[in-house]
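First the structure, in the form of structure tokens, and then the observations on it.
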Amino acid sequence: MEIMSHPEAKRVYLDYPATTPVDPRVVDAMLPFFTECYGNAASTSHDWGWEAERAVEDARSIVAEALHARESEIIFTSGATESNNLALKGVAQRATERRHLVTVTTEHSSVLEVMRQLERDGFEVTYLPVQPDGLLDLERVRETISHRTLLISVMLVNNEIGVIQPVADIAQMAHEHGILVHTDATQAVGKIPVDVRALKVDLLSFSAHKFYGPKGTGGLYLQQTSPKIRLKPLFQGGGQEYGLRSGTLNVPGIVGLGKALELCLAEMAAEQKRLQELRHYLEENILKRIPDAWVNGHPHQRVPYIVSLTIPGVAGEALLLSLKQVAVSAGSACASGGVEPSHVLRALGVGDSAARSSLRLGLGRFTTREDIDFALDYLTETVQFLSKSTTTLSTG
Ligand SMILES: *Cc1c(COP(=O)(O)O)cnc(C)c1O
């Protein structure tokens, strides 16, 4: 009997904003910390502990240098969700008179859901709308803030449409009124230059698995210049991380985060240029082949690796299910598993039906020109097939 050989189906990963593979160089840097240098970084009585502590402090100094911060301003956490929780709840729970918080409707759920909890805890929260290009209007911020405002939280790069918010301008305005500023920079750190002094932010969240490091490790920058910010920790325990994040440090994860960030910085300029060209090629060809489609978000003030695409008339759900060989996202799967139209696209004023016909394509370090060509063919064929079957159904 003849055995049929099926060439392995080609698959292309275009979901880098959801998570990235760990760079093999990062894995190599992490491995010794599982099996050889396995000490507890808080053990101060032997070599094993000292080695672990030194590795953590080396990673901290890489992060501090990358963000233009001080080492004492970096706290390691389990990721951006925890950092956002620590930043927002930590500041709010130390609040005295000021009980008003400001954020934006297009934030990540780990900011929005914390804000909703703080509302239940008695805070007043303003959710600012964005303009149709996804950017925040500074005048709206100015109108909203008052002497009662405690903190403004605005993400640096949006995870669904890639627009870059004017965080430095917002921070400038906020500080004139004694308001703290937090930014969720999870989609920015490692991809574009992030300088906490230039941004003038007080708190900044990031996560290693978005920049080719391991899942379950991230951090929070906490400004310690003047005046010192008082944060209430989420966890009580051994007092690690300046008492702000108790729990045995994830040494391999932190080493991986440091190594991953070091690689990103070394390769950033070249990588930005490469991805910019790839994205341009992708967008240009998609819009040529699917003339009804459009790209969401500000055309220029955005990062070079996220494309939010609306293809009217094609149900995004059906499209996602049909795209077996190309991994993209609707940007909007709700926690219960049902598909809700993206809250970000709706905030831009994209209608429900168009929002349901939208896809997010995310490029990254291992994306090649061949991948993009494959995705282009695959996507256009699938869209043509689906719109043909829709037409047949509706007319027949
Ligand atoms: C991925 C992401 C998060 C959550 O990060 P985790 O480390 O997975 O908790 C938060 N904010 C933004 C903008 C993200 O893209």
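Please go through region 118-136 and give me each residue that is loosely packed, with under 15 Cβ neighbours inside 10 Å and within 16 Å of the ligand (Cβ to nearest atom), ordered by number. Talk me through it step by step, then tell me what you get.
Of all residues in region 118-136, those loosely packed, with under 15 Cβ neighbours inside 10 Å come to 119-122, 124, 129, 131-132.
Scanning region 118-136 gives no hits.
Does Met155 satisfy the criteria of being under 24 Å from Gly297 (Cβ atoms), in the same structural domain as Gly213 (by TED's automatic domain parsing), modelled with pLDDT of 95 or more and away from the ligand (no atom under 11 Å from the Cβ)? Reasoning before the result, please.
Numbers: under 24 Å from Gly297 (Cβ atoms): yes; in the same structural domain as Gly213 (by TED's automatic domain parsing): yes; modelled with pLDDT of 95 or more: yes; away from the ligand (no atom under 11 Å from the Cβ): no.
So Met155 fails the test.
In region 293-319, what residues are part of a loop (DSSP other than H, G, I, E, B), touching a strand residue (DSSP E or B) at 6+ places or on another chain (Cβ under 9 Å) and open to solvent by 60 Å² or more (accessible area, probe 1.4 Å)? Correct list: Gln301 only. Return yes when Arg60 is basic (Lys, Arg) and either within 16 Å of the ligand (Cβ to nearest atom) or open to solvent by 20 Å² or more (accessible area, probe 1.4 Å) (or both) and no when it is not. Criteria not met by Arg60. Taken together, Ile164, Ile179 contain a single residue that is within 26 Å of Gly349 (Cα to Cα) and either surrounded by fewer than 24 Cβ atoms within 10 Å (Cβ to Cβ) or more than 15 Å from the ligand (Cβ to nearest atom) (or both), which is Ile164.
Counting only residues that are surrounded by fewer than 24 Cβ atoms within 10 Å (Cβ to Cβ) and within 20 Å of Arg25 (Cβ to Cβ), how many does region 209-223 have?
Our first condition is that a residue be surrounded by fewer than 24 Cβ atoms within 10 Å (Cβ to Cβ); within region 209-223, this holds for 209, 214-216, 223.
From what is left, the residues that are within 20 Å of Arg25 (Cβ to Cβ) are 209, 214-216.
The total comes to 4.
Here is a check on your reading of the model: is Tyr212 within 16 Å of the ligand (Cβ to nearest atom), assigned to a loop (DSSP other than H, G, I, E, B) and either without any contact (Cβ under 8 Å) to a residue 60 or more places away in the chain or not aliphatic (A, V, I, L, M) (or both)? Spelling it out, Tyr212 is indeed within 16 Å of the ligand (Cβ to nearest atom), assigned to a loop (DSSP other than H, G, I, E, B) and either without any contact (Cβ under 8 Å) to a residue 60 or more places away in the chain or not aliphatic (A, V, I, L, M) (or both). For the subset of region 19-54 comprising residues that are loosely packed, with under 13 Cβ neighbours inside 10 Å and acidic (Asp, Glu), which member is nearest to the ligand (Cβ to nearest atom)? Of everything passing the filter in region 19-54, Asp28 is nearest to the ligand (Cβ to nearest atom).
Between a residue in region 343-367 that is polar (S, T, N, Q) and any residue that is part of a strand (DSSP E or B), which pairs come within a Cβ distance under 6 Å, given they are 6 or more apart or on different chains? Note: pairs meeting the criteria are Ser357/Thr310; Ser358/Thr310.
For Val114, the requirement of being in contact with an Asp or Glu (Cβ under 7 Å, 6 or more places away or on another chain), open to solvent by less than 30 Å² (accessible area, probe 1.4 Å) and farther than 23 Å from Asp195 by Cα is not met.
The residue pairs whose first member lies in region 102-122 and is outside the structural domain of Leu135 (by TED's automatic domain parsing), whose second member is part of a strand (DSSP E or B), and whose beta carbons are closer than 8 Å, counting only pairs six or more residues apart or on different chains, do not exist in this structure.
For region 90-139, enumerate the residues that are among the hydroxyl-bearing types (Ser, Thr, Tyr) and closer than 23 Å to Asn158 by Cβ. Can you show your working first?
Taking region 90-139 first, the residues among the hydroxyl-bearing types (Ser, Thr, Tyr) are 96, 103, 105-106, 109-110, 126-127.
Answer for region 90-139, where residues must be among the hydroxyl-bearing types (Ser, Thr, Tyr) and closer than 23 Å to Asn158 by Cβ: Thr103, Thr105, Thr106, Ser109, Ser110, Thr126, Tyr127.
Considering region 79-108, the residues that are over 16 Å from the mean Cα position of the chain (by Cα) and either at positive phi or open to solvent by 10 Å² or more (accessible area, probe 1.4 Å) (or both) include one that is nearest to the ligand (Cβ to nearest atom), namely Lys89. Can you find a residue that is within 15 Å of the ligand (Cβ to nearest atom), part of a loop (DSSP other than H, G, I, E, B) and open to solvent by 10 Å² or more (accessible area, probe 1.4 Å) anywhere in region 195-208? Within region 195-208, not a single residue is within 15 Å of the ligand (Cβ to nearest atom), part of a loop (DSSP other than H, G, I, E, B) and open to solvent by 10 Å² or more (accessible area, probe 1.4 Å). Within this structure, Asp169 fails the test of being closer than 28 Å to Arg25 by Cβ, surrounded by fewer than 23 Cβ atoms within 10 Å (Cβ to Cβ) and more than 14 Å from the ligand (Cβ to nearest atom).
Among the residues of region 23-59, write down those that are part of a loop (DSSP other than H, G, I, E, B) and of a type outside the set (Val, Ile, Thr). Outline the logic, then answer.
Start the filter on region 23-59 by keeping residues that are part of a loop (DSSP other than H, G, I, E, B), which leaves 23, 31, 36-46.
Residues satisfying the conditions are Asp23, Leu31, Glu36, Cys37, Tyr38, Gly39, Asn40, Ala41, Ala42, Ser43, Ser45, His46.
Ser72 meets the conditions (1) hydroxyl-bearing (Ser, Thr, Tyr); (2) within 16 Å of the ligand (Cβ to nearest atom); (3) under 25 Å from Gly243 (Cα atoms) in every case but one. The failed one is (2).
Looking at the structure I just gave you, is Thr149 within 16 Å of the ligand (Cβ to nearest atom), open to solvent by less than 10 Å² (accessible area, probe 1.4 Å), among the polar types (S, T, N, Q) and in contact with a strand residue (DSSP E or B) (Cβ under 6 Å, 6 or more places away or on another chain)?
Numbers: within 16 Å of the ligand (Cβ to nearest atom): no; open to solvent by less than 10 Å² (accessible area, probe 1.4 Å): yes; among the polar types (S, T, N, Q): yes; in contact with a strand residue (DSSP E or B) (Cβ under 6 Å, 6 or more places away or on another chain): yes.
No: the conditions fail for Thr149.
The values are calculated or read from the model by the stated rules, or taken from the named source; none is laboratory data. Since the model is a prediction, treat every value here as computed from it, not as a measurement. FYI the Cβ positions are ideal-geometry reconstructions off the backbone, even for glycines, and counts take in every protein chain you see. Surface accessibility is based on the protein's heavy atoms, side chains included, excluding ligands, DNA and RNA. Shrake-Rupley method; radii C 1.70, N 1.55, O 1.52, S 1.80 Å.
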